[in-house]
Amino acid sequence: MADVHPEHAQLQADRIYLGWQYALLHPDPGPAPRRPSPDDDGTVVVEQVDPEWIRRERLNEHLLNRPVKIFRTLMTALAALILVLGATGLLSWSFAAVGLIAAGGVAVFCTYAIRQGDRAIRHRIRERQAVGDRQREERDREIFHAQEEHAARYREWAEKKERYDRQLTWYAVTVPDEIDRIDVAGGTLPGWSALITLLGATRLYSGGHLTVLDLSEGAVAKDLIELARRGGDDPLVWVLPVDLPRLDLGATLAPEAFADVLAHVVSVSEEHRTTRDLSFDNAILERVLEVLGENATINQVTAALRALAQVGDPRDDLQHGLITASQLDRLGTLFGRGVSDRVVIERAWALESQLRKLETLGSEAVRLPPARLRVVSMDRQAGVFGNRVLGTYVATALTHILRQSPASERPWYHTIIVAGADKLRGDVLDRLMDACETSRTGLVLTYRSLTPTVRERLGRGHAAVTFMRLGNAEDARIASEHVGTEHRLELAQLTETISAAGVGLDGGYVSTVGQADDGDDARDVSRTDLKEDITFSTEWGRRATKAMGDTERVLHRSREFLVEPHQLQQLPTTSVIVTDATDQGRRVRLADANPAILTFPKTTLGEFDEIREAVLERAGDRPGDRAGDRAGDRAGDRAGDRERREEPSLFEQAPPNLGPPPARLDWRRRQ
């Protein structure tokens with residue numbers, strides 16, 4: 001298996017990176033086991049013999065022996081009296097001897113009884129002390145065994161804690177390049193910026209080419225431009241309509257294709273146009289282009305349409321050299337002498353009113369150097385309808401260029417991202433999808449809302465569908481039904497925290513086609529560092545990396561949620577729910593599209609499922625041998641623990657920190 005360490009993992013050209021999945025392969029082992037003490041297990045702590053108990057025992061014995069001692073004293077005094085009487089002759093020695101024997105014997109017996117009581121007291125005290133010693137010895141032995149078990153449990157916990165602390169926490173969420181398209185539903189402009197920056201950067205740094213058509217008017221590819229520039233590219237950026245004279249897109253199209261493009265541009269404001277109306281406009285434009293010749297420009301087409309619709313004075317166009325007198329005569333007889341057909345006049349007038357917004361197209365076209373990244377954007381200060389016309393033209397022209405291009409040898413080598421694709425007509429999207437599929441060009445479409453046109457095309461064909469925050473309740477309901485409310489996803493608290501801060505989209509695009517210089521397309525990919533470039537060149541890297549580095553240590557938590565409408569309305573800005581079909585079934589994963597996560601030390605470019613299978617195989621627990629329950633997973637973990645214990649580790653070199661060591665107990669010595 002390839003090394004999955006973050007420093008060694010490499011971008012794979014056959015993977016489309018959509019974000020990072022937060023997952024823990026090894027669960028949190030919890031707090032360290034406490035060191036056992038005499039008070040932990042609930043047993044009675046054995047103490048020394050109580051002096052108060054000894055005093056009470058001696059007092060009781062003294063009280064019991066007091067009468068005996070008094071009687072002994074009397075007998076001793078009587079014996080002494082008898083002895084004195086016998087010595088003085090007042091009492092015969094025969095009687096005195098008997099009295100001495102009787103009194104002395106009683107006194108001796110009393111003394112013996114008193115000594116026996118004292119011996120009994122001392123015996124009970126020694127017996128009590130022996131019992132305490134035995135209990136203390138047994139208690140010490142239990143503590144010793146408990147500490148040995150605690151040391152084993154601590155070493156096991158320390159190994160699990162080491163695996164838990166060193167494990168990867170962010171895994172790449174990718175889809176194979178076998179798919180034809182990625183549909184992104186919902187989201188905010190900052191969320192789109194994060195996703196486009198990540199997706200575009202990984203395509204560029206894996207050697208591909210990228211074209212971004214930004215219809216969102218929010219400069220969502222601004223970070224991607226700075227990242228590509230730091231990586232060694234010179235991106236080309238057109239800001240329409242300012243750069244319309246320098247846009248040569250579609251200049252090499254044949255008259256038939258050019259007429260088709262212009263016909264679709266005209267229909268941008270007429271949502272209910274039929275195929276018949278579109279073909280009628282196409283027929284008018286084809287005939288006009290036949291009159292004007294192959295190299296006709298948009299302003300020449302509009303001049304011809306004004307003459308055809310009898311709008312204004314054609315002598316002005318003749319004076320400016322837009323049309324010639326012979327062309328004016330041919331236009332007059334193109335649809336009949338006198339142009340009696342009112343339908344032609346009306347359609348020519350409608351065509352001219354729409355196409356005049358493109359009159360400056362290509363009028364100042366210059367030769368531009370090749371570039372890996374090309375961005376065509378709409379100026380937010382321009383008119384909404386004009387931007388829609390321009391966007392439709394660019395999308396349709398790209399479609400015809402793709403249709404005329406041979407299929408790429410490698411899928412997704414060239415990728416097209418359309419931000420705000422819901423602003424295009426459905427038939428324009430269909431033609432673009434078909435052209436990308438036949439030319440093996442990757443296509444990413446982002447939709448702000450799920451309109452009927454979007455719902456009809458969401459996930460159509462071999463496409464992956466992703467969902468970002470959906471503020472509209474109806475859109476959230478449709479998305480939850482598409483994903484399935486039974487799926488339980490894990491959301492990192494770090495994602496919620498960083499997304500709450502957010503990254504603003506300040507300013508707009510800066511055109512580069514005016515000052516573009518000739519250059520080659522050579523780029524030494526091996527000398528670039530994607531992590532470093534993200535950190536220093538993107539707004540996500542500058543603002544989010546420091547905050548993520550500070551909070552990652554404490555926000556090592558996550559929560560689970562079901563894919564329900566109210567949850568989709570509360571998704572963090574950079575969260576992406578990715579759904580795609582595989583041979584094993586449909587996958588549903590939650591990712592964080594924040595590109596700054598790649599700079600984390602615990603982020604890998606490998607996928608979670610692949611790394612988990614590799615860990616299980618390395619632990620000797622292959623998927624085919626498992627019974628499918630958690631007992632098998634625990635057995636695999638234990639096997640992995642045994643392998644790690646066989647290797648020299650920190651725990652074999654030095655004992656773990658178990659606290660102050662207990663007094664050494666010598667069980668061979670009797671206490």
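The values are calculated or read from the model by the stated rules, or taken from the named source; none is laboratory data. Keep in mind that what you see is a predicted model, and the values were worked out from it rather than measured. Note that we place each Cβ from the backbone using ideal geometry, even for glycine, and neighbour counts take in every protein chain shown. These area figures cover heavy atoms from the full protein model, side chains too; ligands, DNA and RNA do not enter into them. Shrake-Rupley method; radii C 1.70, N 1.55, O 1.52, S 1.80 Å.
Things worth noting here:
- Here K357 passes the criteria (1) open to solvent by less than 70 Å² (accessible area, probe 1.4 Å); (2) touching a residue at least 40 places away in the same chain (Cβ under 8 Å) except the one numbered (1).
- Residues that are at pLDDT below 80, open to solvent by 60 Å² or more (accessible area, probe 1.4 Å) and closer than 18 Å to D427 by Cβ occur in region 280-299; there is at least one.
- Matching strands (runs of 3 or more DSSP E) fully within region 403-504 where at least 1 residues are surrounded by fewer than 20 Cβ atoms within 10 Å (Cβ to Cβ): 488-492
- Test: residue in region 113-121 that is open to solvent by 80 Å² or more (accessible area, probe 1.4 Å), more than 30 Å from P29 (Cβ to Cβ) and in a helix (DSSP H, G or I): yes
- Checked across region 540-548, the condition of being outside any helix (DSSP H, G or I) and either closer than 29 Å to P176 by Cβ or at pLDDT 85 or above (or both) holds for no residue.
- Residues in region 360-400 that are part of a helix (DSSP H, G or I) and free of Cβ contacts under 8 Å to residues at least 12 places away in the same chain: 1 in all.
- For region 74-102, a residue qualifies if it is open to solvent by 90 Å² or more (accessible area, probe 1.4 Å) and either out of contact with any Gly (no Cβ under 6 Å at 6 or more places or on another chain) or closer than 30 Å to I54 by Cβ (or both), and the qualifying residues are L74, L81, L90, F95, V98, I101.
- The lone exception for E352 - which of (1) touching a residue at least 12 places away in the same chain (Cβ under 8 Å); (2) surrounded by fewer than 21 Cβ atoms within 10 Å (Cβ to Cβ); (3) closer than 22 Å to Q300 by Cα it fails: (2)
- Selection within region 181-236: residues that are in contact with a Gly (Cβ under 9 Å, 6 or more places away or on another chain) and among the acidic types (D, E). The member of this set that is most open to solvent (accessible area, probe 1.4 Å) is D234.
- Only a single item in (1) surrounded by 14 or more Cβ atoms within 10 Å (Cβ to Cβ); (2) free of Cβ contacts under 8 Å to residues at least 12 places away in the same chain is not met by G105, and it is number (1).
- Within region 1-27, the set of residues being at pLDDT below 85 and open to solvent by 70 Å² or more (accessible area, probe 1.4 Å) comprises M1, A2, D3, H5, E7, H8, Q10.
- Residue that is nearest to the chain's Cα centre (by Cα) [pool: residues in region 145-160 that are surrounded by 15 or more Cβ atoms within 10 Å (Cβ to Cβ) and within 12 Å of P36 (Cβ to Cβ)]: Y154
- Whichever residue in region 317-340 is open to solvent by 40 Å² or more (accessible area, probe 1.4 Å) and either touching a Gly at 6+ places or on another chain (Cβ under 7 Å) or of a type in the set (V, I, T) (or both) and, among such residues, is modelled with the highest pLDDT: T324
- Selection count where residues are at pLDDT below 85, farther than 25 Å from H123 by Cα and open to solvent by less than 70 Å² (accessible area, probe 1.4 Å), scope region 32-73: 6
- Which numbered condition V343 fails, given (1) at pLDDT below 80; (2) open to solvent by 20 Å² or more (accessible area, probe 1.4 Å); (3) out of contact with any Phe, Trp or Tyr (no Cβ under 9 Å at 6 or more places or on another chain); (4) of a type outside the set (K, R): (3)
- Complete set of residues in region 121-159 that are basic (K, R) and either touching a His at 6+ places or on another chain (Cβ under 6 Å) or without any contact (Cβ under 8 Å) to a residue 24 or more places away in the chain (or both): R122, R126, R134
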